[in-house]
Amino acid sequence: MSELKNKTNNEDVKKEVDINLSLSEVDENTMSEFRKGMLSDELAELPPLKEGEVSINGIYAYNMGDKLEVSVYIRNGLSKQVSLDIVPLVIVDENDKVLARQIFNMSDVGIIPPLGGRPSKIYFNKENIFVDMISEQDWKIQFEKSIKAVKTVKVEYEAFPEQLSAEVRNEFEEFLRKMPLINVGEVKILTHGMKKENDGSISIVLVICNGLDKTIKLNTLPITVIDAEDKLVAGGVFNIENISVNPSKARVYNFNLTPDKVLDKDADISKCKVVFKK
């Protein structure tokens, strides 16, 4: 069993906090009560966590041949919810020698509420493991860099185009649910989809998220499509009116780059991405 505690508040904070099991929506609805009880007992056996700390604790590491499975708990001792995005993790021995190192996208862990502990499994690829064997006891997993608490906001859609079916609306809801939380004060534009139309134009669906405490209004929006080698595929600047997003909300907008804006008509759109620059 292993642990790491990253302090996010004042060093003088000493109060220990009780952590409750927090499951994803899917696990909460499908996991048996017996299994939930086992996880709660396992969580209760972890070392104490102090107020203001976020910790990652390793339960076991299992060699699967081509990769190493590590069972972990991520515990949130903050008074606000947290979510993880791109996180560098290391496994070290009792002398702090690095045994494995890898960068993980942990956004699928989801939102961990205040004083919540979320079980998860991560997998180190074989090429990122530097020893032949990791012992059952003398190791710990930790964030390679200190975790800083960042205030975030969970945005919700404020309106959908009337023509959207319930199925498509659910798809958009799922898309937003899987995205990392928006930082307070941040405006983020997400690409939901992109496809080449029969007339040679490129249709792009964007989700604009507003983490500000005031309504945002956009007057112009430069949209550029580039391929996997960062070569220009298409681009244009949209002069837009009536595009506004209220605080803590998200809205869906569709943009179309007409054929005359498409420079590489043979580009594989599935391998392209959208950037917002001229």
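Any chance you could run the full-extension gain for Asn242 through Met133? It's 0.36 nm times the residue separation minus the Cα-Cα distance, nm to one decimal. Before the final figure, lay out each step's value.
On the way: separation 109, 0.36 × 109 = 39.24 nm, distance 6.02 nm.
Stretched fully, the Asn242-Met133 segment lengthens by 33.2 nm.
Measure off 7 Å from each Cα along the Cα-to-Cβ vector at Asp66 and Lys195, then give the distance between these two points in nanometres to one decimal.
Modelled inter-label distance: 3.2 nm.
Find the relative contact order for segment 152-275 and round it to a whole percent, using C-alpha pairs within less than 8 Å whose residues are 6+ positions apart. Could the numbers behind the result be given before it?
Values: 249 pairs, mean separation 36.8, N = 124.
After rounding, I find 30 percent.
Using a 10 Å cut-off around each Cβ, can you sort Asp93, Asp268 from fewest to most neighbouring Cβ atoms? Show your work: numbers first, answer last.
Values: Asp93 14, Asp268 11.
Going from least to most buried by this count: Asp268, Asp93.
Only sites in a loop by DSSP and with at most 15 other Cβ atoms within 10 Å count here; which GluC sites (Glu not before Pro) in segment 106-183 make the cut? Intermediate results must be reported in sequence, preceding the final value.
On the way: sites: Glu127, Glu136, Glu144, Glu156, Glu158, Glu162, Glu167, Glu171, Glu173, Glu174; in loops: Glu136, Glu144, Glu162.
Those that pass, being in a loop and sparsely packed, are Glu136, Glu144, Glu162.
Helix 33-44: angle to the longest alpha-carbon principal axis of the chain, degrees 0 to 90, nearest 10?
Helix 33-44 sits roughly 70 degrees off the main axis of the chain.
Counting DSSP beta bridges with both partners in the chain, what percentage is antiparallel, nearest 5?
Details: 73 of 78 bridges.
Given both bridge residues lie in the chain, the antiparallel proportion sits at roughly 95 percent.
Which three numbers, in whole Å and largest first, are the semi-axes of the equivalent ellipsoid of segment 96-214 derived from its Cα gyration tensor as √(5λ)?
On the way: eigenvalues 285, 84, 38 Å².
Semi-axis lengths for segment 96-214 are 38, 20, 14 Å.
Which whole-number percent is the relative contact order of the chain (Cα, under 8 Å, 6+ apart)?
Working: 593 pairs, mean separation 43.0, N = 278.
Worked out over the chain, it gives 15 percent.
Once you treat every alpha carbon in segment 152-275 as an equal point and sum by Debye, what is log10 I(q)/I(0) at q = 0.12, 0.23 Å⁻¹?
-0.48, -1.34
So what's segment 2-143 giving for Rg/Rh, alpha carbon basis, Kirkwood Rh from the mean inverse pair distance? Walk me through the numbers before you get to the answer.
Numbers: Rg = 15.1 Å, Rh = 15.7 Å.
Rounded to two decimals, Rg over Rh is 0.96.
Tell me which residues come under 5 Å, amide H to amide H, from Asp85 once H is placed; ignore anything under 5 positions away on its chain.
It is Met106, by chain and number.
Taking other Cβ within 10 Å of each residue's Cβ, how do Tyr123, Tyr73 sort, fewest first?
Values: Tyr123 14, Tyr73 22.
Starting with the residue having the fewest Cβ neighbours, the order is Tyr123, Tyr73.
Return the FRET efficiency for the residue pair Leu232, Val98: r is the Cβ-Cβ distance, R0 is 45 Å, and the value is rounded to the nearest 0.05.
Details: r = 41 Å, r/R0 = 0.91.
For Leu232 and Val98, the calculated efficiency is 0.65.
Treating each Cα of the chain as an identical point scatterer and ignoring solvent, apply the Debye formula and state log10 I(q)/I(0) at q = 0.10, 0.11, 0.15 Å⁻¹.
-0.69, -0.81, -1.16
Label-point separation (nm) for Leu263 and Lys151, each offset 7 Å from Cα along Cα-to-Cβ?
4.1 nm
No value in this document is a laboratory result; all are computed from the given coordinates. Everything numeric here is computed off the predicted structure, so don't read it as measured data. With ideal geometry, Cβ positions are generated from the backbone for all residues, glycine too; neighbour counts draw on all protein chains shown.
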